[in-house]
Amino acid sequence: MTGGNSMDAISVRGLFRQYQSYLNQPITVKGWIRTLRTSKTFGFIELNDGTFFMNLQVVFGDNLNNFSEVAKLTLSSAICVHGRLVESTGAKQPFELQAERIGIENLASADYPLQKKKHSFEFLRTIAHLRPRTNTFSAVFRVRSLLAFAIHQFFQERNFVYVQTPIITGSDCEGAGEMFRVTTLSFTDTPRNAQGQTDFSQDFFGKETNLTVSGQLNAEAYCMAFRNVYTFGPTFRAENSNTARHAAEFWMIEPEMAFAELADNMHIAEEMLKYLIHYVLENAPEEMAFFNSFIEPSLFQRLTNVLNSEFGHLTYTEAIEILKKADVQFNYSIDWGSDLQTEHERYLTEKVFQKPVFVTDYPKGIKAFYMRLNDDDKTVAAMDLLVPGVGEIIGGSQREERLGYLDKRIAELGLDRKDYEWYLDLRKYGGTKHAGFGLGFERLIMYLTGITNIRDVISFPRTVKSADF
RNA sequence: UCCUCGAUAGCUCAAUGGUAGAGCAUGCGGCUGUUAACCGCAGGGUUGUAGGUUCGAGUCCUACUCGGGGAGCCA
């Protein structure tokens with residue numbers, strides 16, 4: 001075989017998964033030097049080939065024709081090792097590669113910024129192009145990849161149809177936050193209409209367009225054709241949010257189910273979260289063990305607790321009663337009608353329930369227009385899933401399927417009915433009960449890994465005042 | 001956007017208003033089984049930026065920039 005790809009080399013993952021079958025065999029491995037230790041006539045290399053979280057220990061001696069060169073290899077140099085796999089006498093690994101030839105593919109510059117020590121997450125963010133080579137980020141991004149796959153698998157197993165909704169949206173009616181404008185108009189010579197305003201009729205799409213803040217409304221259209229659908233894609237919010245839980249660009253999963261009510265919605269959300277926890281524990285045991293040891297010491301306990309317990313349920317009104325009786329001094333007052341503050345949510349999920357908890361039936365005044373009005377005429381069939389540590393990880397609702405009610409709600413809020421014509425059509429033509437929710441993909445990763453800053457679960461994070469790399 | 005803390009060597013951090021240091025990393029040397037190896041020596045600085053106070057500023061004051069934590073908004 002020609003070329004230098006991994007096709008003709010054994011993967012470190014393969015070795016770790018079944019090293020017995022390679023013992024005392026000659027093998028070739030290609031990878032990067034994570035760390036190297038030498039003595040006068042021998043040395044050790046910890047080699048990472050990208051396929052596995054753990055490193056392969058390579059032992060080399062002065063029988064190598066380029067021993068002195070190898071002994072001076074810098075961290076992150078790329079090498080090709082040919083040798084024999086043997087059982088290790090060291091305590092920390094069951095096997096090691098006794099090198100017979102080491103080819104040097106690239107000698108890394110000595111000023112390689114990652115050292116054999118712990119680095120702060122803040123520093124690593126400044127070298128986001130190199131940080132995937134660290135243990136932590138190697139673990140985070142392999143888990144992220146597995147979770148993305150698991151989400152598809154979860155929904156596909158249940159015959160949900162994956163819908164790719166548009167990233168550029170022409171409707172300004174999604175109401176989920178500030179939007180990023182998409183335009184080809186000149187900023188120095190902006191076309192104006194008779195009123196002196198920007199003339200978007202001359203823009204690329206002939207109208208004002210933005211990056212999507214949610215695929216939900218589009219997903220509802222496909223829901224009414226395929227019954228159960230989900231979206232999984234990037235989402236953009238131009239909010240000036242400076243927190244560890246917000247990014248300007250993030251990924252969201254939005255299932256939407258026809259003939260479903262709020263209870264079905266919560267049921268699938270709980271089932272999904274448990275499925276995903278189970279999946280990563282099963283398929284990324286080394287990575288999860290690393291998180292449990294170095295990122296959040298009680299991670300396994302917490303996740304096991306989630307797997308083994310029923311999620312809590314309470315209505316917004318019940319939550320208000322609990323908070324009023326709470327033996328805690330809150331900074332924000334508790335009044336029926338105002339939204340729950342972070343401190344309230346944390347109290348509920350971390351102190352009262354100590355597990356994920358659904359809060360349902362919020363006052364209509366603090367929720368979106370499309371949520372289904374309850375019979376009390378005061379609350380809507382909304383649900384937020386609060387989890388310890390991260391806060392709100394899921395927000396969803398049963399949608400208002402009754403044309404008259406939706407019409408009335410749009411009028412009440414002073415929205416322009418014209419903008420919702422197609423959305424109202426969905427009710428006109430066979431509209432059924434339906435429900436769905438949005439899951440923040442990064443918040444999910446944070447919850448399952450114990451990483452506390454969203455910037456550390458996105459490859460190249462985009463946040464306020466920061467779009468490097 | 002608000003509150004709060006911070007910015008000193010490549011990294012992590014010290015330094016009563018009075019000569020800017022250490023550990024790690026890097027370079028060189030030593031070491032026959034290491035595990036963030038170990039031991040010795042060396043190089044490495046416009047103390048975030050711009051002003052100000054002072055005989056003298058890393059240190060005090062003002063503004064700005066960037067970053068951490070918290071809040072709002074949300075996923």
Exercise for the section: Give the residues of the stretch A:300-318 that are over 28 Å from A:I451 (Cβ atoms) and either within 13 Å of RNA strand B (Cβ to nearest atom) or hydrophobic (A, V, I, L, M, F, W, C) (or both), sorted by residue number. Expected result: A:L314
Practice task
Please indicate, with yes or no, whether at least one residue in the stretch A:325-339 is open to solvent by less than 20 Å² (accessible area, probe 1.4 Å) and part of a helix (DSSP H, G or I).
Solution key: no
Handout entry: Subset tally (residues that are more than 10 Å from RNA strand B (Cβ to nearest atom) and in contact with an Asp or Glu (Cβ under 6 Å, 6 or more places away or on another chain)) for the stretch A:56-78
Key = 1
Problem - Count - residues of the stretch A:228-242 that are open to solvent by less than 40 Å² (accessible area, probe 1.4 Å), out of contact with any helix residue (DSSP H, G or I) (no Cβ under 6 Å at 6 or more places or on another chain) and not aromatic (F, W, Y) - result: 6
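Would you be able to tell me the number of residues in the stretch A:233-262 that are in a strand (DSSP E or B) and within 13 Å of RNA strand B (Cβ to nearest atom)?
Summing the residues that are in a strand (DSSP E or B) and within 13 Å of RNA strand B (Cβ to nearest atom) in the stretch A:233-262 gives 11.
Considering only residues that are within 16 Å of RNA strand B (Cβ to nearest atom) and in a loop (DSSP other than H, G, I, E, B), which ones fall in the stretch A:414-444?
A:L415
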Handout entry: Flag if A:A99 is at pLDDT 90 or above, in a loop (DSSP other than H, G, I, E, B) and of a type in the set (A, V, I, L, M, F, W, C)
Key = no
Handout entry: Residue selected from the stretch A:134-164 under the condition among the charged types (D, E, K, R) and part of a helix (DSSP H, G or I), by the criterion nearest to A:N453 (Cα to Cα)
Key = A:R144
Handout entry: Matching option when the condition is loosely packed, with under 15 Cβ neighbours inside 10 Å, outside any loop (DSSP other than H, G, I, E, B) and not aromatic (F, W, Y), among A:L273, A:L307, A:L281
Key = A:L307
Exercise for the section: Please identify the pairs in which a residue from the stretch A:327-351 that is more than 17 Å from A:A244 (Cβ to Cβ) has its Cβ atom under 6 Å from the Cβ atom of a residue that is open to solvent by 90 Å² or more (accessible area, probe 1.4 Å) and away from RNA strand B (no atom under 11 Å from the Cβ), counting only partners at least 6 apart or on another chain. Expected result: A:I334/A:K324
Problem - Meets criteria (over 40 Å from the mean Cα position of the chain (by Cα), among the hydroxyl-bearing types (S, T, Y) and over 18 Å from A:V12 (Cα atoms)) for A:S109 - result: no
Practice task
Kindly check whether there is at least one residue in the stretch A:60-78 that is open to solvent by 30 Å² or more (accessible area, probe 1.4 Å), under 30 Å from A:A467 (Cα atoms) and either assigned to a loop (DSSP other than H, G, I, E, B) or in contact (Cβ under 8 Å) with a residue 60 or more places away in the chain (or both).
Solution key: yes
Completion exercise
The one condition A:S293 fails out of (1) within 16 Å of RNA strand B (Cβ to nearest atom); (2) closer than 30 Å to A:N374 by Cα is (2)
Completion exercise
Of the candidates A:A194, A:A244, A:A225, the one satisfying the condition of being hydrophobic (A, V, I, L, M, F, W, C) and in contact (Cβ under 8 Å) with a residue 60 or more places away in the chain is A:A244
Problem - Residue selected from the stretch A:360-383 under the condition in contact (Cβ under 8 Å) with a residue 60 or more places away in the chain and among the aromatic types (F, W, Y), by the criterion most open to solvent (accessible area, probe 1.4 Å) - result: A:Y370
Problem - Residue match in the stretch A:129-150 (condition: surrounded by fewer than 13 Cβ atoms within 10 Å (Cβ to Cβ), more than 30 Å from A:E220 (Cα to Cα) and modelled with pLDDT under 95) - result: yes
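The values are calculated or read from the model by the stated rules, or taken from the named source; none is laboratory data. Please read these numbers as outputs of a predicted model, since none were measured by experiment. Virtual Cβ from ideal backbone geometry, glycine too; neighbours counted across all protein chains shown. Accessible surface areas use protein heavy atoms only, side chains included; no ligands, DNA or RNA. Shrake-Rupley method; radii C 1.70, N 1.55, O 1.52, S 1.80 Å.
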